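The values are calculated or read from the model by the stated rules, or taken from the named source; none is laboratory data. Just so we're clear, the structure is a prediction, and the values are computed from it rather than from any experiment. Every residue, glycine among them, receives a Cβ derived from its backbone with ideal geometry; neighbour counts consider all protein chains shown. These accessible areas exclude ligands, DNA and RNA; they are computed on the full protein's heavy atoms, side chains included. Shrake-Rupley method; radii C 1.70, N 1.55, O 1.52, S 1.80 Å.
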Amino acid sequence: MLTESERQVLKEWNEFIKTVPPSVQGLRTNYGKWSEQQNKDLPAIGSYEENVTLRAGLAADVAVPKDPGPHPVLLYIHGGGWIAGNARTHKKVAAELAARGYLTFNLDYRLAPENPFPAGLDDCVFAANWISENAKRWNGDPNRMAVGGDSAGGNLAAAAAIVLNGKSGGPKFKAAVLIYGVFDIPASIERAKQTGTGLTEQVAQAYLGASYQAVWNDPRVSPVRGLAKGSMPPSFIICGTNDDLLPDSRALAEAMKQAGIEHELHVVDEMPHAFMQMGALSDCRKGFSLISNFLARHL
C-alpha cells in the first residue's frame with residue numbers, strides 16, 4: 001500500500017504530465033526541471049565523471065562503483081520520447097546502478113527531431129563498441145556487458161541488442177534491462193488514438209521523420225517485430241500497471257516466449273511511467289534490487 005508521501009510523489013508526476021508544453025523545447029525544459037527533483041540524495045559511489053567524450057558530438061557520464069572491481073559493465077540509455085532527456089536527467093538512475101556494483105555509462109545520444117532515426121540508435125551501437133574497447137580505463141570487464149534503458153531508451157536498448165547480435169563480430173550484450181519501453185510503435189500509436197494517452201503520431205514523426213510509417217515495422221524501430229531465437233540476450237522487463245505502455249512490455253515478453261528468449265516480466269501495481277526515476281517510492285528501490293539481482297545472474 002502506498003504511503004501518503006508516495007502518493008504525493010505520484011501526484012506531482014501527474015501534474016507534470018498535465019502541464020507538459022506542446023513544443024519540443026518546452027518538454028525538454030520541463031522534463032529537466034522535474035528530473036532535478038528526482039536527482040537529489042545520490043547514493044555514495046566511487047566517482048561520477050561527466051561528459052566523457054566517445055567521439056565528436058557524443059559523450060557519456062560514467063558512474064564508477066566504490067569497490068575496486070573488475071566491474072561488470074552497463075550501457076544505460078535514458079528515456080524522454082527520443083526528443084528529450086539527457087545523461088543529467090538520469091544521473092541518479094546511473095548512480096543507483098553503480099552503487100550496486102555496475103560500471104555504468106550513461107549515454108548522451110543525439111536527440112530527434114534535430115537528429116532523426118537512426119542517429120540515436122547509431123550512437124548507442126557506437127557506444128557499445130567504444131565501451132568494449134575502453135571500459136578497462138575504469139576497471140570494467142567488457143566481457144560482462146549489459147544494456148539497459150527506460151521508455152524511449154528501452155526501445156533503443158532492445159534495438160541496439162538486436163543490431164549487435166545480427167553482426168558477425170564485435171561486442172555482444174550478456175543481458176538487457178528494459179524499463180517501461182516502447183517496443184511496438186504502430187500498436188502504441190493505435191492505442192493512443194483510442195485512449196487519448198500514450199505514444200502519439202507527432203512524437204513518432206519527430207523521431208522517425210515525415211515517412212515514419214515506412215520504417216515503423218523495422219525491428220530497429222519496433223523490436224517486438226524482429227525477435228528470433230538468439231536475437232536478444234536474457235532480458236529483464238519491468239512496467240507499472242498505471243503506465244500506458246504496459247501492453248508493449250507484455251507484448252515483448254510474449255514475443256520473447258515464442259522466440260525462446262530467456263526473460264522475466266515484472267508488473268508493478270499502481271506504478272506510472274517513469275517510476276524508476278522516483279527514488280522516494282519503495283517500488284523504485286525494489287525495482288533496482290530486482291535489476292541488480294537479474295544482472296548478477298547473467299554478468
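Here are the numbers:
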{"quantity": "Residue 278 long-range amide H proximity, modeled H, under 5 Å", "calculated": "none"}
{"quantity": "Long-range amide H partners of residue 79 with built H, under 5 Å", "calculated": "150, 153"}
{"quantity": "Vicinal HN-Hα couplings computed from phi for the range 51-56 (Karplus, 6.51 cos²θ - 1.76 cosθ + 1.60; Hz; Gly/Pro x)", "calculated": "6, 6, 6, 9, 6, 4"}
{"quantity": "Built amide H within the under 5 Å cut-off of residue 177, gap 5+", "calculated": "147, 148, 149, 236"}
{"quantity": "For the range 202-273, Kirkwood radius (reciprocal of mean inverse C-alpha pair distance, Å)", "calculated": "13.4 Å"}
{"quantity": "At most 16 other Cβ within 10 Å, DSSP loop - GluC sites (Glu not before Pro), the range 83-180", "calculated": "114"}
{"quantity": "Where the chain is the region considered: accessible area per residue in Å², 1.4 Å probe", "calculated": "41 Å²"}
{"quantity": "GNM top mover of 46, 169, 226 - the chain, alpha-carbon springs below 10 Å", "calculated": "169"}
{"quantity": "For the chain, calculated [θ]222 nm from helices alone, where every DSSP H run of n ≥ 4 adds -39500 (n - 2.57)", "calculated": "-12500 deg cm²/dmol"}
{"quantity": "The range 152-299 - percent of accessible surface contributed by carbon and sulfur, probe 1.4 Å", "calculated": "49 percent"}
{"quantity": "Additional length obtainable on full extension of the chain from residue 267 to residue 286, 0.36 nm per residue less Cα span", "calculated": "5.6 nm"}
{"quantity": "Relative contact order computed over the chain (Cα-Cα under 8 Å; 6+ residues apart), in percent", "calculated": "16 percent"}
{"quantity": "From phi via Karplus (6.51, -1.76, 1.60), per-residue ³J(HN,Hα) for the range 233-245 in Hz, x at Gly/Pro", "calculated": "x, x, 10, 9, 10, 9, 7, x, 6, 9, 9, 4, 8"}
{"quantity": "Option label - semi-axes √(5λ) of the Cα gyration tensor in Å computed here, alternatives (1) 42, 22, 19; (2) 36, 21, 17; (3) 25, 23, 19", "calculated": "(3)"}
{"quantity": "Cα gyration tensor, the range 68-138 - rounded (a/c under 1.5), prolate or oblate", "calculated": "oblate"}
{"quantity": "Ranked by how many other beta carbons lie within 10 Å on average, peptides 150-157, 74-81 from highest", "calculated": "150-157, 74-81"}
{"quantity": "Within the range 1-83: Cβ-based charge dipole about Cα centre, in debye rounded to nearest 20 (Lys, Arg +1; Asp, Glu -1)", "calculated": "280 debye"}
{"quantity": "Cβ charges +1 (Lys, Arg) and -1 (Asp, Glu), total dipole of the chain, debye", "calculated": "560 debye"}
{"quantity": "Two-decimal log10 I(q)/I(0) for the range 1-116, as the Debye equation yields it once each C-alpha is a single scatterer, q = 0.20, 0.22 Å⁻¹", "calculated": "-1.10, -1.20"}
